[in-house]
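Single-structure report; data block below.
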Amino acid sequence: MRKEVYKVLCPKHIMFGDPSYFEDFKGAQRKKLTVDYRPPKHFDCARLVLKEEENQEYPEYIERSMTLYLSPHDEIETYTEGMKYRSQELAEKMIGVDRCCYYLKVDDQEAAITTTGDGWWGNFDELYRRDGKNRISDCVMIEIAMPEDQDFNDMKRMAEYFFKDMEPLIPKKQKKKEAPAR
C-alpha cells in the first residue's frame, strides 16, 4: 500500500458526481445523487490523502483514491487516522455515475474525468453528533476513486490541479531527528 497525506486549504465549495445529474436533476433527487457541499465556518482545516492499494477481492486490480477530510483543526488528525468518537454517528452517501464520467469542482478548479465504466466512483461521509434536536457536523470525508488507467503519479497531478497549496505531511515515525547543537 502507498499512502501520502497532504495539508491543503479548506475549500469553500466542492461539487462531485455525474455531470448529467447536475443538469437533469433538481432538489432532493440531485442532493441524493451528487455532492454540492459548502463546509461550515468551523471547518478550518483540510487534509488530502492519496492512497493506492490492492483490491481485497481481486488482487490483480489496484485501487487508487483521493480522500478529502474537512473538520476543525483540533480534530483533523483523529479523522485522517480513521478514528471517531463513540458519540458520533455516520451518514454515508455513495456517488455513482451512469455516463462513464464524473465532474469534480473544488472552488474555481473544475474538470470532467473520464472513467473506465459506470457505477460507484466515490463517497460522501459525514461524522456528526446530536445535541438535543440539533445535529452538529464534526467531519466530512469525500472519497474519489481514480480511473484504472491512471497511476499514482497521475492521481497526484490531478490533486495538484485541484489543490494548488498541497503541502506533504511526513508521518511522525519518518521525521528526521535533528542532530544536537554542539
- Query: Restricting attention to segment 17-72, which trypsin sites (Lys or Arg not before Pro) occupy a DSSP loop and are surrounded by at most 14 other Cβ atoms within 10 Å?
  - Reply: 26, 41
- Query: ³J(HN,Hα) across segment 99-104 via Karplus (A = 6.51, B = -1.76, C = 1.60, θ = phi - 60°), whole Hz, x for Gly/Pro?
  - Reply: 10, 6, 7, 10, 9, 10
- Query: Residue farthest toward the positive end of the dipole of the chain, with Cβ of Lys/Arg at +1 and Asp/Glu at -1: which of 45, 95, 5?
  - Reply: 45
- Task: Mind listing the long-range amide H neighbours of residue 9? Cut-off is under 5 Å, sequence gap 5 or more, other chains count too, H placed in the peptide plane at 1.01 Å from N.
- Result: 165
- Long-range amide H partners of residue 138, meaning residues 5 or more apart or on another chain whose placed amide H is closer than 5 Å, are 127, 128, 129
- Task: Please find the FRET efficiency linking residue 148 to residue 170, where r is the Cβ-Cβ separation and R0 is fixed at 30 Å, and quote it to the nearest 0.05.
- Result: 0.55
- Task: Let me have the 222 nm mean residue ellipticity of the chain computed from DSSP H runs of 4+ only, each contributing -39500 (n - 2.57), with the sum over all residues rounded to the nearest 500.
- Result: -4000 deg cm²/dmol
- Query: What percent does the relative contact order of segment 2-170 come to when contacts are Cα pairs within less than 8 Å and at least six residues apart?
  - Reply: 28
- Item | Stokes-Einstein D in µm²/s, Kirkwood radius over Cα pairs - segment 46-110 at 4 °C with 1.567 mPa s viscosity | 87
- Message: For the pairs 3/32; 7/41; 7/51; 12/84, flag any whose C-alpha to C-alpha distance is greater than 21 Å.
- Response: 3/32; 12/84
- Query: Amide H of residue 44: which non-local residues (sequence gap of 5 or more, or other chain) have their own amide H closer than 5 Å, using H built in the peptide plane?
  - Reply: 71, 73
- Task: Would you kindly state the longest site-free stretch of the chain, with sites defined as GluC sites (Glu not before Pro) in a DSSP loop (not H, G, I, E, B) surrounded by at most 10 other Cβ atoms within 10 Å?
- Result: 82-177
- Message: Among (1) 9, 29, 23, 18, 12, 8, 1; (2) 9, 27, 20, 18, 18, 8, 1; (3) 9, 34, 36, 16, 4, 1, 0, only one was calculated for this model; which label is it, if the read-out is P(r) over Cα pairs in 10 Å bins from 0, in percent?
- Response: (3)
- Task: Multiply the residue gap between residue 55 and residue 133 by 0.36 nm, knock off their C-alpha separation, and tell me the result in nm, one decimal place.
- Result: 24.1 nm
- What stretch of the chain, leaving out the sites themselves, is the longest with no chymotrypsin sites (Phe, Trp or Tyr not before Pro) in a DSSP loop having at most 12 other Cβ atoms within 10 Å? 86-182
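Read-outs: derived from the displayed coordinates by stated rules, not from any lab. Being a predicted model, the structure only gives us computed values, none of them experimental. Methodologically, a virtual Cβ is constructed for each residue, glycine included, from the backbone with ideal geometry; neighbour enumeration extends over all protein chains shown.
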